[in-house]
Amino acid sequence: KEDHHHHHPHHRRHDGPKRKGIRAALLSSGVVDGATIWKARLLSSVSVIQFGGVATAAINCMSPQGPGCCDFNKSERMANVLTSLPYAAIGLHSIRRRRTAAGKLWGASMLGVCGASITFHVSSGKWRDLGRKLDYWMIAVSSGLLTRALYPGLPPAATAATMALTPFKPFLVSAGNAMAMESKFLQRSLQDPDLRGAQKLHSAACMAGMALFALEDASIPHVPLVHATWHCLSALGTAMVNHVLADAEQLHPELTLDALGDGGNGRGRQRQQQQEGVDGWQQRDQQQQQARRPVKEFDVAPLGLQN
């Protein structure tokens, strides 16, 4: 122990001069100079600050705080309210055209997205922060219901988990569900040529919308009507999702409301089959299936996007 205590200060006394000697040798040899050392220190500090800024921005985006960066005047506020209405049109269309309970529920959630967006853009003062959170929350909930409609085999616990996470990390929930939807849309468009036109238009609208979303956060000075334009692109991309929803209904006809309703009348179907004969029943069943086959959601042929 005595030997350890005796030599430890001796080594510490030589650490300082040794480091100074290395630094002096580098300076004298011209490898580095005093200005370079200070530049390196400054750049290191800036890098730390930038990393902290990026991390803070990501956290703020996942958990929205503050009034947001839009609605700078009455004209922009009105434009943002009017361009929220297409979400309601998409919702009504989906409620009318979707053939599964999950698809219709997603359509109903789009009405909520429209209402939350309008609430956010008309709010002010102390209600502004709550309106922005409501907007993010409703988008996250709707994205979870869309994933549920596209992936019928998804465990209910997974959907419940995303709903529970929504109040805390709505952006994260929306991003995860969006990735699942994009994956399904791309996969099915590669397998079915009829979906390619809608998928291309959807992807183009989403990429342009994301660019405007980033521009809105970073624009100095402010660029007018960026948020309203983003609303239009977002609505266009969301409307195209009905194509892949219709495709999912064709892949899983047993989950449609028509099929579930017919399943409850199995005994009646058997009696009717016995009365009409097998051939007559099969012909009638084919006619019913042909009548249930959904037509195209939107005609994108004039845009030349099929191939």
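In the stretch 186-207, the residues that are more than 27 Å from His231 (Cβ to Cβ) reach residues that are at pLDDT 95 or above with C-beta atoms within less than 9 angstrom, at least six apart or across chains, in these pairs: Leu190/Arg196; Leu190/Gln199; Asp192/Asp247; Asp194/His243; Asp194/Asp247.
Pairing each residue of the stretch 155-184 that is under 23 Å from Asp129 (Cβ atoms) with any residue that is open to solvent by 60 Å² or more (accessible area, probe 1.4 Å) and aromatic (Phe, Trp, Tyr), provided the two are 6+ apart or on different chains, yields C-beta distances under 6 Å for Thr166/Trp137; Pro170/Trp137. When restricted to residues that are modelled with pLDDT of 95 or more and open to solvent by less than 70 Å² (accessible area, probe 1.4 Å), the stretch 137-157 contains 14. Among the residues here, Gly131 does not qualify as at pLDDT 95 or above and part of a helix (DSSP H, G or I). In the stretch 94-105, the condition of being at pLDDT 95 or above, of a type in the set (S, T, N, Q) and at negative phi is met by at least one residue. Within the stretch 121-128, the presence of at least one residue that is crowded, with 21+ Cβ neighbours inside 10 Å and of a type outside the set (Val, Ile, Thr) is confirmed. Among residues of the stretch 125-136 that are closer than 14 Å to Cys70 by Cα, none has a Cβ under 7 angstrom from a residue that is of a type in the set (Phe, Trp, Tyr) and open to solvent by 60 Å² or more (accessible area, probe 1.4 Å) at a sequence gap of 6+ or on a separate chain.
The values are calculated or read from the model by the stated rules, or taken from the named source; none is laboratory data. What you see is a predicted model, and the numbers here were worked out from it, not measured in a lab. Neighbour counts run over all protein chains shown; Cβ positions are idealised from the backbone, glycine included. Ligands, DNA and RNA are excluded from the accessible area calculation, which covers all protein heavy atoms including side chains. Shrake-Rupley method; radii C 1.70, N 1.55, O 1.52, S 1.80 Å.
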